[in-house]
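A.B. asks: For reference, the structure I am asking about is given below.
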Amino acid sequence: MSDLKRLAEKAGFRAVRTYIASGNMVAERDGSERQAKAALEAELAAYAGKPVGVIVRTAAEMAEVAASNPFPDRPPSRTAAIFLDHPPPPGALSEAKGQANEEVRLGAREIYVHYPDGMGRSRLRIPAARDGTARNMTTVATLAAMAAK
């Protein structure tokens, strides 16, 4: 995570803070979402020697993701938001495979999933989420709180 912080600063981010060792970062940067994404992806690709995807959300968007959780009464550690760069297609849920008892709902640029038996045991595959990244709602709430400061 120290490398991520250093690379983010090199890409023009300020006040960089990381959260747990899974690529979560809260920072400030001038410019558009597209510019922030491109700058960080360029630094990560140069570092890793291959493309590394980045998903960007503003502080307000992170707060909205947390507030829009369609499963607020489910354990946050078993409920995830899969972050996408774009709105999920209308048929995203009908294309899902391997769904057992998972509950799935579409968000603005997220797909929410409640995994009653845990994410590790799930066979659920959502093609529309292939290029996304999932964070459980505990992490989403923590990142939203960090971004609000």
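A.B. asks: Quick one: which of 37/97; 50/97; 10/50 span more than 20 angstrom between C-alpha atoms?
C.D. replies: Details: 37/97 30 Å; 50/97 29 Å; 10/50 18 Å.
Those over the limit are 37/97; 50/97.
A.B. asks: 7 Å from Cα along Cα→Cβ at both residue 119 and residue 85: what's the point-to-point distance in nm?
C.D. replies: My value for the distance between the label points is 2.1 nm.
A.B. asks: To the nearest 0.05, what FRET efficiency results for residue 52 and residue 99 with a Förster distance of 22 Å applied to their C-beta separation? Spell out each step's value before the answer.
C.D. replies: Working: r = 29 Å, r/R0 = 1.33.
Calculated transfer efficiency: 0.15.
A.B. asks: Quick one: net charge around residue 117, please, counting Lys, Arg +1 and Asp, Glu -1 for every other residue with C-beta under 15 Å from its C-beta.
C.D. replies: Working: positive: 74, 78, 121, 123; negative: 102, 103.
Here the count lands on +2.
A.B. asks: Which stretch or stretches of the stretch 100-140 have amide N atoms under 13 Å from the point lying 7 Å from residue 19's Cα along the Cα→Cβ direction?
C.D. replies: It comes to 135-140, nothing else.
A.B. asks: Given 10 °C and 1.306 mPa s, compute D for the chain with the Stokes-Einstein relation, Rh being the Kirkwood radius over Cα pairs; round to the nearest whole µm²/s. Working shown, then result.
C.D. replies: Working: Rh = 16.1 Å.
Diffusion coefficient, whole number: 99 µm²/s.
A.B. asks: How large is Rg over Rh for the stretch 2-48, taking Rg from the Cα atoms and Rh as the Kirkwood inverse mean of 1/r across Cα pairs?
C.D. replies: 0.93
A short reminder: the numbers here are calculations on the coordinates, not readings from a lab. This one's a predicted model, so the numbers in the text were calculated from it and none came from an experiment. Every residue, glycine among them, receives a Cβ derived from its backbone with ideal geometry; neighbour counts consider all protein chains shown.
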